[in-house]
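The values are calculated or read from the model by the stated rules, or taken from the named source; none is laboratory data. What you see is a predicted model; the values in this text were computed from it and never measured. Every residue, glycine as well, gets a Cβ built from its backbone with ideal geometry; the counts of neighbours run over all protein chains shown. We work out accessible area using only protein heavy atoms, side chains counted, and drop any ligands, DNA or RNA first. Shrake-Rupley method; radii C 1.70, N 1.55, O 1.52, S 1.80 Å.
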Amino acid sequence: MRLVLLGPPGAGKGTQAQRLVETLKIAHLSTGDMLRAAVKAGTPVGQRAQAIMDRGDLVPDEVVIDVIADRIREPDCANGFVLDGFPRTLPQAAGLTELLQRAGITLDGVIELTVDEAALQERIANRAKETGGARADDNPETVTKRLEVYRAQTAPVAGYYEAREELWRIDGMQPVDEVTEAITDALAEMRQREFHRSDG
Ligand code: AMP
């Protein structure tokens, strides 16, 4: 299956993506993880991205679109993938549509985890504690900035997929296992839809 997970920082995308990877045997494509690896390795992309990420802004669209275009051609994506943290802007969503078209593949669906914003700062603070402050951008000021960026630039992406009738909204405030269950139900609906499409 080919999926997109949308939702603000701290919504639980990473946790749910990990579960999807295990149950569906698909690749986990997190642009955040890829960019952090590039920063660590000191590649040109990493050097360009570091300061932007540290202040909670978005890396330019063309950079992440190129990263994803290369990544989905790799053999481990043949069985499907879950995109986590991409697309994050309308131009990225359009770029994804175009590159999938060129590759002759389609998305099965887009899952948006909706959350109460007030809970996000606390969730991210907990993550920072659990990971021993592994992420430089999990401090309160940068999180505030990341949430602003999400509202302004990423929230409209859900509307893009809603208009295409590819969006499933799931309440991300539920306990983790219940979110997973709701996602499993959404996947069943996606398969059903695909079945009817290929049938007709
Ligand atoms: P994440 O791990 O998804 O929260 O991403 C961490 C940071 O990486 C973000 O705050 C951005 O600076 C950058 N980033 C990750 N994905 C994207 C994307 N699709 N577009 C632009 N910047 C991104």
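Brief remarks follow.
- The magnitude of the dipole of the chain, with charges of +1 and -1 set on the Cβ of Lys/Arg and Asp/Glu and taken from the Cα centre, is near 500 debye.
- Compared with the dominant Cα axis of the chain, that is its longest principal axis, helix 61-71 is turned about 60°.
- Entry note, the stretch 58-200: relative contact order of 31 percent, from Cα contacts under 8 Å with a spacing of 6+ residues.
- Separation between Cα centres of the stretch 84-138 and the stretch 1-55, rounded to whole Å: 8
- In degrees, nearest ten, helix 176-199 long axis to first principal axis of the chain (Cα): 40
- At a probe radius of 1.4 angstrom, the accessible area of the chain per residue rounds to 52 square angstrom.
- Bridgeable lysines around LYS13 (alpha carbons under 21 Å apart, same-chain partners fewer than 8 residues away excluded): LYS25, LYS129, LYS145.
- Share of carbon and sulfur in the accessible area of the chain stands at 51%, probe radius 1.4 Å.
- Projecting the Cα positions of VAL59, ILE124, VAL39 onto the charge dipole of the chain (unit charges on Cβ atoms of Lys, Arg, Asp and Glu, taken about the Cα centre) puts VAL39 furthest along the positive direction.
- Summing +1 for each Lys or Arg and -1 for each Asp or Glu among the other residues whose beta-carbon sits under 14 angstrom from that of ARG71 gives -4.
- Per the Cα gyration tensor, the chain maps to an equivalent ellipsoid with semi-axes of 26, 21, 16 Å, ordered largest to smallest.
- Most positive-pole-ward Cα, ILE183, HIS196, VAL143, against dipole of the stretch 104-200 from beta carbon charges: VAL143
- Cα gyration tensor of the stretch 13-86 - equivalent ellipsoid semi-axes, whole Å, descending: 23, 14, 10
- Ranked packing of 22-35, 168-181, most packed first, by mean Cβ within 10 Å: 22-35, 168-181
- When you restrict to C-alpha pairs under 8 Å that are six or more residues apart and normalise by the size of the stretch 1-94, the relative contact order lands at 47 percent.
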